[in-house]
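First comes the structure, then the notes that go with it.
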Amino acid sequence: MHDELLDKMRRSILEGDPDRAAALATEAIALRLAPLEAIQRGFVPGLNEVGEGFGRGDLFLPDLVMAGEAMKAATAVLDPELQKGGLQREILGRVVLGTVQGDIHEIGKTLVSTMLSAAGFEVHDIGVDVPFETFALRARELGADIVGVSALLTTTMTGQRHVVEALDRHGLRPRVKVIVGGAPVTRGWAEEIGADGYGQDAVAAVALAKALLGR
Ligand code: B12
């Protein structure tokens, strides 16, 4: 029933049109399309297509930038909707979340942050391009239960290992759990670097965080 709308969403990202993407997100809310479905089945396929085009050399950096801007415009509209229903009193745990040093991809990390907050976690989003040591310092300062590290580049993935090592150096492990994610990240990689878990998307991240804290 929403197929046409989902296809328009995909195209708004491909065309890198933030105004159109925001308008379609508003339309989705009016039509009572679930916000997560709009993101995952509407906008993200467009981003994936742009990523593939860029990988093949058919699209260029400005296309990637505009697709990212369009995606951010859509998620800005949908974010408050995702937060709804998450007004729980009990805090399930405290999470420090960021994108690792050298990496400025923020869309997936921000979505994970929103979903964890909606599920009842207290999330401290420490942004992008975060130095390894900062993850450990912030985790200690805030008394985090979980540190989430996002990486979207094969070159910055290795930084996730450095974050685990920084937490070790600060004596925060194994009490503080580390979860990792991002397009190139796999379960095998998480195991190899000694992380406590891998989440392939924002929904999986919530399930993982709950499981690690026995919730
Ligand atoms: C948009 C985008 C950008 C935008 C980002 C805008 C922004 N504000 O975030 C901009 C233009 C800045 C950008 C820049 C670059 N990009 Co880019 N980018 C993308 C693109 C198209 C989409 C990423 C995205 O937002 N996906 C949507 C979100 C929702 O998905 P996600 O990030 O995967 O997150 C989900 C899961 O992975 C998981 N998750 C994510 N983080 C975490 C964390 C935890 C703890 C958990 C549990 C789960 C989890 O949950 C999320 C939600 O469901 C991807 C292609 C792709 N399909 O991934 C390329 C891509 C990642 N980029 C790529 C490249 C090469 C670059 C540049 C180097 C290009 C250049 N020449 O300058 C720069 C690097 C800049 C830097 N230093 O970081 C390559 C990486 C190749 C590689 N294997 O390393 C890709 C794969 C494109 C390609 N096919 O070549 N990019």
*Can you find even one residue in the range 81-93 that is within 14 Å of the ligand (Cβ to nearest atom), under 21 Å from P35 (Cα atoms) and not β-branched (V, I, T)?*
yes
_Let me spell it out: the conditions are (1) touching a residue at least 12 places away in the same chain (Cβ under 8 Å); (2) within 14 Å of the ligand (Cβ to nearest atom), and E52 meets all of them except one. Which number is the exception?_
(1)
*Residue that is farthest from V100 (Cα to Cα) [pool: residues in the range 157-184 that are within 7 Å of the ligand (Cβ to nearest atom) and buried (at least 19 other Cβ atoms within 10 Å of the Cβ)]*: I179
_Residues of the range 160-215 satisfying the condition of being among the aliphatic types (A, V, I, L, M), more than 22 Å from R140 (Cβ to Cβ) and part of a loop (DSSP other than H, G, I, E, B)_ = A183, V185
*Is there a residue being surrounded by 15 or more Cβ atoms within 10 Å (Cβ to Cβ) and over 18 Å from the mean Cα position of the chain (by Cα) anywhere in the range 75-87?*
no
*State yes or no: is I104 surrounded by fewer than 19 Cβ atoms within 10 Å (Cβ to Cβ), within 13 Å of the ligand (Cβ to nearest atom), within 30 Å of V178 (Cβ to Cβ) and touching a residue at least 24 places away in the same chain (Cβ under 8 Å)?*
yes
*Could you count how many residues in the range 61-76 are within 9 Å of the ligand (Cβ to nearest atom), more than 12 Å from L14 (Cα to Cα) and in contact with a Phe, Trp or Tyr (Cβ under 9 Å, 6 or more places away or on another chain)?*
2
*Could you check how many residues of the range 129-154 are surrounded by fewer than 23 Cβ atoms within 10 Å (Cβ to Cβ), without any contact (Cβ under 8 Å) to a residue 40 or more places away in the chain and under 21 Å from A204 (Cβ atoms)?*
1
*How many residues are among the basic types (K, R) and modelled with pLDDT under 95 when one looks only at the range 4-40?*
1
*Just one of (1) assigned to a loop (DSSP other than H, G, I, E, B); (2) at pLDDT 95 or above trips up M1, so point out which.*
(2)
_Failed item, numbered, when I193 is tested on (1) crowded, with 17+ Cβ neighbours inside 10 Å; (2) more than 9 Å from the ligand (Cβ to nearest atom); (3) closer than 27 Å to A76 by Cα_ = (3)
_Check on A67, small (G, A, S), part of a helix (DSSP H, G or I) and under 17 Å from G16 (Cβ atoms)_ = yes
_Just checking, does the range 119-126 include any residue being under 19 Å from Y198 (Cβ atoms) and near the ligand (Cβ under 9 Å from one of its atoms)?_
no
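Looking at the range 196-207 only, could you name the residues that are among the aliphatic types (A, V, I, L, M) and within 6 Å of the ligand (Cβ to nearest atom)?
Once the filter is applied, which keeps residues that are among the aliphatic types (A, V, I, L, M) and within 6 Å of the ligand (Cβ to nearest atom), the range 196-207 yields A202, A205.
The values are calculated or read from the model by the stated rules, or taken from the named source; none is laboratory data. If you're wondering where the values come from, they're calculated on a predicted model, not measured in any experiment. As a convention, Cβ positions derive from the backbone with ideal geometry for all residues, glycine included, and neighbour counts pool all protein chains shown.
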